[in-house]
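Reading through the structure tokens given below for one structure.
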Amino acid sequence: MDWNSLSILPLPLVGYLLAARLFRDTGLLERLAWTVLFSMVVVQWVVFNISVMGDVYITGTVVGISGLCVLALLVLHAWRHPVRLSLPAPDTRQVTVLAATAAVSVFAAMYYTNAEFLLSLPTYFATAETKCFYMQTFKVVGDLNPAVAPQAIQDMYGVISTPGNALFTAGLMPGLGIHTFHVLYVAFNALVFLFTYLLLRRWTGRHLVPLVVALFAVFNPCALSIEVLDRNFIALALSAALLYACVAHRDRVILHGFLFGIAAGTGLRFLPLTLALPVALLYRSNGRGWASYVLFLATAAGVFAFNIPHLEHHGFHSLGETQGLWGLFLAALDGLPRTPLMPYPNAVLYLLNGLGFLGFLVGALVLTGALDTWRAHPRRFASMVLIVAPTYLVLSLQRDWIEGDKLRILLWVFLPVMVFLASGLRATFRLAGIGRNLATFALSLALVIGVHAGLGQVETRADTGTYQRKPRYQTEAPAYVDFLKRHFRQAGLLPDYGRLFQKGDLARKDRARRIVQETLFGGEGRSMAWTDRWLSPDGQPGPAPRQPDARFVDLRIDLEKLVTDPDRAVALGKGPADRFVDLEDEDHLLDVYHKQIRVSWQPEPLPVTVLTGKPEYGILGELDVDLNAFISFGPDEDGFERVNLVPYHVVESRRPEAVRTAMTALPQSDREPVVVLRVPLDTRILIRNWLLDAVSNVPFRVDGWAIALDGAGRPQVRFYPFEPESYL
């Protein structure tokens, strides 16, 4: 163990001493929650400010010295003002919650995927650019910038993600390295569970309902759709901690300001600043004077200061928009515009997507709970609405909302959903007046189903300005938009975990990570001391090849019908003459297969490409069929097709480079919208429709179909839109 690893050892001690000092009489559960939170925040906030304000790279030395200084101050304070460090023995209920916390943590540790982090590293090593959450952190960590001037730290503010995300990760990265985001993913899942439970227990006086709802807060399909450390989930954990502190520790105004400042600098752009509204309402309910407001705002402003250069760089009014909120509001009233290749305007899409994930029963319980809270606790109801409404309004007005990961943003305001869900469970199953309660729930259920059906029929126009603001290869056709609408109109009574697709396959997830690590960093790919330390293959063998089923089958996939008639799109194939790819022939396992076809659901020709040499086939048993990812740039001197990425085709000036770096594929005379794939019986076909940014080559989103044979040998097809992680 070297100094970098030792540098993070003071952090849990700082967390525990601070929790013990601030909350002397709390029980074990609350002490644990605050200890974890302070361990993740306090020293890291100090270190991050040293870095961005002093142009100092974050190293193990900076973290270690900062941690020891903060720890020394706390020890000195504890010596002069003794505090009780021990805790009373937990009771049965606390043991139950502790066991649930452990279960949440273990599951999160297994569920997380580090593949996206690994994919970001080589890009950063090659370009030193910051284009995402990960690279923002890389920009301030010294070991990842051995040849870059410290002033480059300021480039971090060019990323649309708020630097509050890097606040948590950068201080841990010298000590945890490749495990940083993984550890934080586990920690914030535990914090969401604990603070949701503590807040609901405080408000309900019960144990079982808060426990069930807190578990659902981390195990619902919306939360599980995120298998990486996400800024919105971090903001959710911090908002839960802030609201709990305001309710349970009313006199801790400086703590409220600190948590608000951290939370406001953590979510996407300015959105968590709206937490000031419910905090102000809670202060009013508690009868606090003007001095509390001033102290709260002063503390929050000081803590939030690291985010001010970011707002100066991007502007305050919206999420990367070039138009103010009032202009966006007026535009939204003009025919209910939607982003092309999105089925509905944002306001409708968020509701349909949420009900599709959570189900009608949960929606009805939330509505019932909201009505019950309104009657019994009007100010509590108002504070919860004030968390959701501003964010929902701002998101509803945004243009060019084509990226799949933007559907995550609303997750940060899920705390009110959980509060109303708990209230709905209590109100529905309360023994007093059970008949009336069930009748109210039935009416709520009917209303939720009716609203869902009505929203699904909304007709809107496409905002064609998106094509200029975010250029890409394909434009929309009515058939594809109608297909997306049919998908988002689907919702069931129960939460739909099937929408998670392969994210719940933990064994596959581990093999996929090892494929990425071996491909990018095996052998000569390990070009830096940092990767030698954290990504050495010693003791980490690559994933073993699978043993495919010896039986082969021809799958005939009609790409036209995938959209227009998906139930009839896939059938058993015909003879060898029809085969696009034949994996039974070993000579076909390292080839590029490509053709362009015409379909009714895309105005442009549809490029279809299969790369049989990808390791996913040999290790995961998955064959990728990529649509709109690669395109032919014409034949070479030998008659082979020159195939390269679609953005080269969109940007005229890049075409010479496209021809120079192209792959070669056998020419295809067949232009039918059908591909026949001969594959082992147990192979899964993943058809991926890429919507690529024509400038950066980064996918806006990936829509996909999974095709596999069921136990009776019949092909089964399921559509999964807006997949940012599992497919990459």
Qualifying helices (runs of 4 or more DSSP H) (wholly inside region 506-617; at least 2 residues being at pLDDT below 90): 506-521, 529-534
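Every residue, every condition in (1) farther than 26 Å from Leu18 by Cβ; (2) crowded, with 21+ Cβ neighbours inside 10 Å; (3) over 24 Å from the mean Cα position of the chain (by Cα); (4) not β-branched (Val, Ile, Thr), yes or no:
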position	(1), (2), (3), (4)
Tyr197	no, yes, no, yes
Leu200	no, yes, yes, yes
His207	yes, no, yes, yes
Ala248	no, no, yes, yes
Ile254	no, no, yes, no
Qualifying residue in region 230-241 (condition: touching a residue at least 40 places away in the same chain (Cβ under 8 Å), touching an Asp or Glu at 6+ places or on another chain (Cβ under 6 Å) and either over 24 Å from Ala19 (Cα atoms) or of a type in the set (Lys, Arg) (or both)): no
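Let's see how each residue does on (1) under 31 Å from the mean Cα position of the chain (by Cα); (2) of a type in the set (A, V, I, L, M); (3) at pLDDT 95 or above; (4) more than 13 Å from Tyr350 (Cα to Cα):
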| residue | (1), (2), (3), (4) |
| --- | --- |
| Pro416 | yes, no, yes, yes |
| Leu421 | yes, yes, yes, yes |
| Thr428 | no, no, no, yes |
| Gly433 | no, no, no, yes |
| Ser444 | yes, no, yes, yes |
Close pairs (7 angstrom Cβ cut-off, 6 or more residues apart or separate chains): closer than 14 Å to Leu37 by Cα in region 244-264, outside any helix (DSSP H, G or I) and charged (D, E, K, R) anywhere: Ala245/Arg252
Residue count for region 6-32, restricted to those that are polar (S, T, N, Q), under 18 Å from Leu71 (Cβ atoms) and surrounded by fewer than 22 Cβ atoms within 10 Å (Cβ to Cβ): 0
Selected residue [closer than 18 Å to Arg202 by Cα and not basic (Lys, Arg)] from Asp405, Asp372: Asp372
Subset of region 639-660 (residues that are part of a loop (DSSP other than H, G, I, E, B) and either surrounded by 12 or more Cβ atoms within 10 Å (Cβ to Cβ) or in contact with a Gly (Cβ under 7 Å, 6 or more places away or on another chain) (or both)): Phe640, Val651
Listing of helices (runs of 4 or more DSSP H) fully contained in region 207-272 that carry 2 or more residues being of a type in the set (A, V, I, L, M, F, W, C) and closer than 18 Å to Gly15 by Cα: 231-248, 253-264
Residues within region 584-632 that are closer than 20 Å to Pro566 by Cβ, among the acidic types (Asp, Glu) and out of contact with any Phe, Trp or Tyr (no Cβ under 9 Å at 6 or more places or on another chain), tallied: 1
Residue check, Arg436 part of a helix (DSSP H, G or I), of a type in the set (Lys, Arg) and over 30 Å from Glu604 (Cβ atoms): yes
Count of residues meeting criterion [under 23 Å from the mean Cα position of the chain (by Cα) and either over 23 Å from Phe483 (Cβ atoms) or part of a loop (DSSP other than H, G, I, E, B) (or both)] in region 665-693: 1
Every residue from region 102-159 that is part of a loop (DSSP other than H, G, I, E, B) and modelled with pLDDT under 75: Ala128, Glu129, Thr130, Lys131, Cys132, Pro146, Ala147, Val148, Ala149, Val159
Residue tally, condition part of a helix (DSSP H, G or I), under 27 Å from Leu355 (Cα atoms) and free of Cβ contacts under 8 Å to residues at least 12 places away in the same chain, over region 454-481: 2
Condition check for Val97: surrounded by 17 or more Cβ atoms within 10 Å (Cβ to Cβ), assigned by TED's automatic domain parsing to the domain that holds Trp34 and hydrophobic (A, V, I, L, M, F, W, C): yes
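The values are calculated or read from the model by the stated rules, or taken from the named source; none is laboratory data. Small disclaimer: the values here were computed from a predicted structure and weren't measured. Cβ coordinates were reconstructed from backbone atoms using ideal geometry, including for glycine residues, and neighbour counts include every protein chain displayed.
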